[in-house]
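Worksheet: one structure, shown below.
The values are calculated or read from the model by the stated rules, or taken from the named source; none is laboratory data. Treat the numbers as computed from the prediction; the structure is a model and nothing was measured. Cβ atoms come from the backbone with ideal geometry, glycine included; neighbour counts cover every protein chain shown. Just the protein is used for accessible areas: all its heavy atoms, side chains included, with ligands, DNA and RNA removed. Shrake-Rupley method; radii C 1.70, N 1.55, O 1.52, S 1.80 Å.
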Amino acid sequence: MRKFLVTGGAGFIGSNLTLALQDRYPDARIVVLDDFRSGDFRNLRGFRGDFVAADVSRLDWNRQFGDRSFDTIYHEASITDTTVHDQFLQTHDNIEGFRRMLEFALVTHTPVVYASSAATYGICSGVQQEDQPPAPANVYAFTKVQLDNLARDYASRNPSWHIVGLRYFNVYGPNEAHKKAAASMIYQLYSQMKSGRRPKVFKMGEQKRDFVYVKDVVALTIQAANSPKSGIYNCGSGRAFSFNEAIAAINRALGTQLEPDYIENPYDFYQPHTEADMGRARVELGHVPEFSPESGIADYVRWLESNRA
Ligand SMILES: NC(=O)c1ccc[n+]([C@@H]2O[C@H](COP(=O)([O-])OP(=O)(O)OC[C@H]3O[C@@H](n4cnc5c(N)ncnc54)[C@H](O)[C@@H]3O)[C@@H](O)[C@H]2O)c1
């Protein structure tokens with residue numbers, strides 16, 4: 001029987017991952033661990049496994065799990081609100097939580113797949129490649145750079161152990177409403193348009209993002225557990241899609257014709273373009289995203305229309 005642990009499993013990506021693992025391996029024993037600082041139990045509707053309410057950075061992992069082993073640990077737990085600027089809290093909870101999990105997994109060399117972020121690239125523009133130097137622009141991004149450093153260090157000292165980091169880009173999809181202001185731009189635009197308002201974007205809406213559908217993120221996260229080696233991979237759609245294009249796609253999906261409401265950008269600098277180079281994930285993990293931004297948004301809007309209260 002397969003055994004999986006998903007930290008942060010009550011959150012957006014973690015709950016999609018948990019429910020996908022349950023679908024794919026109906027006999028698996030799945031444990032979700034979360035402290036609900038941003039997650040919501042409603043995301044786990046239909047979950048048949050075990051739940052541990054705990055903070056990854058304070059948990060005594062050996063005491064909690066004893067000699068239980070897992071086939072894979074998926075580590076999604078993290079403070080995800082990038083506007084939390086308490087540097088000790090962000091670094092303690094994100095980095096020490098990761099370190100404790102790694103120390104637990106080290107004993108049995110349990111494969112680990114963890115959530116890194118495109119935020120490690122900082123406010124650069126253009127196509128982002130895994131080997132470019134990190135440039136964290138906030139403390140959240142700094143913690144993700146540290147996760148990558150730790151992962152490389154543990155992996156180099158333990159060559160037969162597989163630790164895979166995925167740098168998620170701008171993820172959107174079902175089960176993200178609990179994130180409120182931190183939910184994706186796609187969700188924010190949909191919410192405005194659904195209530196009949198013109199969608200607000202900074203002038204002139206031509207900023208581009210690599211919006212990646214959560215179903216593709218889950219597919220790569222599950223696939224990464226079978227990686228033949230440790231590594232860090234981008235996880236995006238591989239396409240840069242402008243806010244204007246996103247609005248057009250939501251209009252098509254909703255059957256509306258709402259014009260963008262262009263507002264002044266209050267920031268000195270606003271990232272003009274993010275785009276994941278997906279070459280390494282394709283060549284080394286065999287991953288090709290299934291959803292284009294257009295088809296992902298159409299699928300998501302269908303879900304929102306039939307599931308939103
Ligand atoms: N959504 C995105 O676009 C995106 C982009 C890049 C990286 N990521 C990363 O993906 C992962 C999942 O993010 P998400 O979008 O699902 O956000 P989310 O906030 O919905 O999920 C994070 C989950 O982790 C839990 N958590 C946080 N700190 C914890 C701790 N110390 N102990 C136990 N549980 C804890 C929260 O309660 C929540 O359920 C995170 O690591 C995040 O940094 C997400």
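Here's the yes/no breakdown for (1) within 14 Å of the chain's Cα centre (by Cα); (2) over 22 Å from THR274 (Cβ atoms); (3) modelled with pLDDT under 95; (4) open to solvent by 40 Å² or more (accessible area, probe 1.4 Å):
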site: TRP161; (1), (2), (3), (4): no, yes, no, no
site: TYR168; (1), (2), (3), (4): yes, no, no, no
site: GLY173; (1), (2), (3), (4): yes, no, no, no
site: ALA177; (1), (2), (3), (4): no, yes, no, yes
site: LYS194; (1), (2), (3), (4): no, yes, no, yes
site: ARG197; (1), (2), (3), (4): no, yes, no, yes
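Going residue by residue through segment 251-260, is there one that turns out to be open to solvent by less than 10 Å² (accessible area, probe 1.4 Å), part of a loop (DSSP other than H, G, I, E, B) and acidic (Asp, Glu)? So far as segment 251-260 goes, no, none of its residues is open to solvent by less than 10 Å² (accessible area, probe 1.4 Å), part of a loop (DSSP other than H, G, I, E, B) and acidic (Asp, Glu). Just one residue in the set ASP131, ASP153 is within 27 Å of TYR270 (Cβ to Cβ) and surrounded by fewer than 19 Cβ atoms within 10 Å (Cβ to Cβ); that residue is ASP131.
Residue count for segment 92-128 under the criterion of being surrounded by fewer than 15 Cβ atoms within 10 Å (Cβ to Cβ), more than 19 Å from GLY8 (Cβ to Cβ) and out of contact with any strand residue (DSSP E or B) (no Cβ under 9 Å at 6 or more places or on another chain): the result is 3.
Every residue, every condition in (1) assigned by TED's automatic domain parsing to the domain that holds LEU150; (2) within 25 Å of LEU220 (Cβ to Cβ); (3) exposed (fewer than 14 other Cβ atoms within 10 Å of the Cβ), yes or no:
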{"site": "LEU44", "(1), (2), (3)": "yes, yes, no"}
{"site": "ARG48", "(1), (2), (3)": "yes, yes, yes"}
{"site": "ASP67", "(1), (2), (3)": "yes, no, yes"}
{"site": "SER78", "(1), (2), (3)": "yes, yes, no"}
{"site": "GLN90", "(1), (2), (3)": "yes, no, no"}
